[in-house]
Amino acid sequence: MEWLSDEERYSAIEENMKFIRSEIAEAALKSGRDFNDIVLMAVTKTVESKFINHAINNGINFIGENKVQEFLSKESELNLVDCNAHLIGHLQSNKARKIVGKVETIQSVDSVSIAKEIGKRSTDIGFHTKILLEVNVGNEYSKFGFDYDEVYEKACEISEISGISIDGLMCVAPICEKETEIRSVFSNMHRLFIDIRDKKRDNINMNVLSMGMSADFKEAILEGANLVRIGSSIFGARVYR
Ligand SMILES: *Cc1c(COP(=O)(O)O)cnc(C)c1O
């Protein structure tokens, strides 16, 4: 949408959000849930603060950023009073100190060692960080995340770390040609989520199942996602400078 004026872009964001909300409502209904049970997270990578604030002013209360540096550079310009920020991209351990305390949740925890680092940095500043465990669901496409079969074991290990608590699971799904393929990826994630939840272990909460992006959020909701991460369908195609 780079060729649009700011005013045109503001109204495009509003239109896009209306459309996405109606699609979320439809998928929620189909899956027997309430629209309000599903969080629409706006993914803000490469988006300028004024457009992010416009989405927030139109009711977005969760934003996701991929990169620590990018988030920190925009943070002071963002209207985060009623909006939670999450980190959704891979976190390197040398950047943990910079992000801890600034975001409610780090969705992209993909190793025990990064969980320990987040825990340590959180404890240092007297902050509690929620984390999601990233699951690697399609090895060729998403290089980060725990293998499906090791998630519970690693969750148990991570649950002992102070300063953090596990709040759910996230995944970045592969690009699938067939709807049945993508649905089975999401349905396996949902099964894992339920299995872990049913084990009722201390410090492992399964509140958030973060899956689904612009291309596949409807399928994700149909299979049980309760947080969808939408970037380009809200803000337009990303322009990398
Ligand atoms: C960029 C990104 C999204 C949003 O992608 P769109 O296809 O633009 O909706 C969601 N999740 C993660 C982890 C991302 O990096």
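Quick look at the values:
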item	result
In nm, spacing of pseudo-spin labels at Arg97 and Asn84 (7 Å Cα→C-beta vector)	2.8 nm
Gaussian network model of the chain, Cα within-10 Å springs - most flexible of Glu77, Glu179, Glu104	Glu179
Subset of Lys30/Lys143; Lys143/Lys199; Lys67/Lys120; Lys98/Lys178; Lys18/Lys95 violating a 30 Å alpha-carbon distance limit	Lys30/Lys143; Lys98/Lys178; Lys18/Lys95
Loop trypsin sites (Lys or Arg not before Pro), the stretch 120-192 (other Cβ atoms within 10 Å of the site Cβ: 14 or fewer; DSSP)	Lys143, Lys178
Length gained when the stretch Glu181-Glu15 is fully extended (0.36 nm per residue, less Cα-Cα span)	56.7 nm
Mean residue ellipticity (222 nm) of the chain, computed from DSSP H runs ≥ 4 via -39,500 (n - 2.57), nearest 500	-12500 deg cm²/dmol
Cβ charges +1 (Lys, Arg) and -1 (Asp, Glu), total dipole of the stretch 90-241, debye	760 debye
Percentage relative contact order, the stretch 93-241, counting C-alpha pairs under 8 Å, at least six apart	19 percent
Cα gyration tensor, the chain - rounded (a/c under 1.5), prolate or oblate	oblate
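Read-outs: derived from the displayed coordinates by stated rules, not from any lab. Keep in mind that what you see is a predicted model, and the values were worked out from it rather than measured. All Cβ positions, even for glycine, are placed from backbone atoms using ideal geometry, and neighbour counts span all protein chains on display.
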